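Novice: Structure below; questions to follow.
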Amino acid sequence: MPLVKPRFAAAVLAAILAAAVLGAWLHRPYRGFTGNEVFVEIPRGAGTLSIGRQLASAGVLRFGWQLALARLANPHAPLQAGEYRFAEPASPVDIFHRLARGDVYYRQLTIPEGSNVFDIAALVDRLGVVSSARFLEAAENPALIRDLDPKARSLEGYLFPSTYRIGRHATGRELCRMMTAQFRREWRALAPPRGADLHDVVTLASLVEKETANPEERPVVASVFRNRLEKGMLLDCDPTTIYAALLEERYRGVIHRSDLASHNAYNTYTHAGLPPGPIANPGWDSLKAALDPAKTGYLYFVAKPDGGGHRFSRTIEEHNRRVREYRRGTR
């Protein structure tokens, strides 16, 4: 009997030391990690041992069962599926916590207000996820928005400007689905009146968006276009001539006289009414302005010489005078 207590104490001490060593080991970053960027795709429903083997095979862990040992402190924590990026050595415990948090790797894509499909395609291409050609191919198909806008020619106007988290293997169609889903949410939040023509509202909003970056001016710019439409006047909107040239792959950064004379259906210098569809993807303020333009008698506007917004006019004489003032001020 006297020998039992010392043996028990020794066993307890050994267990404590072993636990301490094991704990330190599980918290120590794996020195065998190469330091090269590694991506691991964790499938849905994968178990801890299976995930551990994946990580060990990828060189992120030394042994797959280390992840199972790390789980002992959090036996009920679910491990999240998705793609994970490892760029530096990490301990089994740190890796377990990343998987439990769902620290999935995404690229961030920010679409500025007023971007057209060509602008977005270039941003997506630079992100390295989808080629610009693949994105444009997906954006040409209006099926994702057809129920809201049967007249839509493409997804132009419905790829809502926002910041999106993009997986490394996302497709052009998946990106378009994310952006059109965001448009649907924003459109519902705007609470448009019953009977509002979505196609015309978004088309008008895209013109407003391209004409002014000042949110306070947008309802006034919308009123100018609305007043001109009601009087049967041409809209004479420069951004529509640019968009027409983009569609025909001939825009080089400057509007030429030939652009203003173009018979492309999007050119509002030669075609009355709104263009056949949006020329860009408007944000919230422009959509709201198109839904509820200001009440004005303005028919014209021109930029201020200092670039600080626009000056609005009711008559062509007043407008021409302000155009001359603009030209003098920008010489």
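Novice: What is the Cα centroid distance between region 152-197 and region 216-244, reported in whole angstrom?
Specialist: 24 Å
Novice: Would you list the membrane-span-like helices of the chain, meaning whole DSSP H runs whose alpha-carbon atoms span at least 24 Å along their axis and whose mean Kyte-Doolittle value is at least -1.0?
Specialist: What comes out of the filter, once short or polar helices are dropped, is 4-26, 172-190.
Novice: Which value in Å is the Kirkwood Rh of region 107-190 over different Cα pairs?
Specialist: About 12.6 Å, per the Kirkwood formula over Cα pairs.
Novice: Continuing with this model, one more query. Find the relative contact order for region 26-101 and round it to a whole percent, using C-alpha pairs within less than 8 Å whose residues are 6+ positions apart.
Specialist: 45 percent
Novice: For q values of 0.07, 0.08 Å⁻¹, compute log₁₀ I(q)/I(0) with the Debye formula on a Cα-only model of the chain, without solvent.
Specialist: -0.47, -0.56
Novice: In a GNM of the chain with a 10 Å cut-off on Cα contacts, which of ARG226, ARG218, ARG107 has the highest mean-square fluctuation?
Specialist: Result for the chain, Cα springs under 10 Å: ARG107 fluctuates most.
Novice: Largest first and in whole Å, give the semi-axes of region 26-101's equivalent ellipsoid, each being the square root of 5 times a Cα gyration tensor eigenvalue.
Specialist: Sorted largest first and rounded, they come to 17, 14, 10 Å.
Novice: Sequence neighbours fewer than 8 away in the same chain don't count; with that in mind, list the aspartates and glutamates whose C-alpha is under 15 Å from LYS151.
Specialist: Once the sequence-local aspartates and glutamates are set aside, what remains near LYS151 is GLU140, ASP197, ASP200.
Novice: Check CYS237: other-chain or 5+ apart residues with amide H under 5 Å from its amide H, H built from backbone geometry?
Specialist: Hits under the 5 Å cutoff: THR268, TYR269.
Novice: If you don't mind, there's one more thing I want to ask. Dipole of the chain (Lys/Arg Cβ +1, Asp/Glu Cβ -1, origin at the Cα centre): which of PRO78, ILE42, THR163 lies farthest to the positive side?
Specialist: Looking along the dipole axis, the top candidate is PRO78.
Only the coordinates and a few stated rules stand behind these numbers; no lab work does. Model, not experiment: these values are computed from the prediction. Positions of Cβ are backbone-derived with ideal geometry, glycine not excepted, and every protein chain shown enters the neighbour counts.
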